[in-house]
Amino acid sequence: MDFFRPATAKEQGPRPATVASTSMTVWNALTRVHQFLCRRIFIMALLKRMFFVAIGLALVMVVSACGGTTSTGSTPSTPTAAATPTTASASTVQTAQAMVGGKTTTIFTNAQGKTLYYFTPDTATTSACTGSCADNWPPLLVTSGTPTSATTLPGKLSAQTTTNGNQVAYNGHFLYTFAADSGPDRQSPDHC
């Protein structure tokens, strides 16, 4: 009994490659590459969609932040009766000194001393702030006649009939108060 047999030529070395086994190896490699590329394309498309969704959400947050009320301190600011449009009497517009951007400057106030603002999307003839915007930013209205000022102003006060009523304008900019301003000589630091 021979436990050891000499190797024959047929049993020596690796098995020779055939055309069928080589094509299967190439086919398997191409299949793996195709699967990798399909996954990569899918992931890239998903990332592009997520980018646009993120941009859309950011825009929605920015737009919804405008017109909302903000408060500083521990007491919440809620619009109360001041949310109704301010109707002017005697002197429609007054001036006061306030710190704006670290500098003392002259600002406009209404007869009650509340700061007056203008809304940049307004045009000279149309108020863009109506509805819920006007609830947060009550327009300065005059009952009749031309609005007046307690001091001489470099520009011109006028009144224009808008959807809000007979609204006061300064140099073509409609004037508004801010419903959450807690009292005279207060400026809202975060307004749109």
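If you go through region 149-167 and keep only what is touching a residue at least 60 places away in the same chain (Cβ under 8 Å) and over 14 Å from residue 125 (Cβ atoms), you end up with 153, 157, 165. What residue, among those in region 130-167 that are among the hydrophobic types (A, V, I, L, M, F, W, C) and under 32 Å from the mean Cα position of the chain (by Cα), is nearest to residue 110 (Cα to Cα)? So the residue we want is 140.
Read-outs throughout are calculated quantities, based only on the coordinates presented, and are distinct from any laboratory measurement. In this text, all values refer to a predicted model and were calculated from it rather than measured experimentally. Counting neighbours? That spans all protein chains shown, and the Cβs are built from the backbone with ideal geometry, glycine included.
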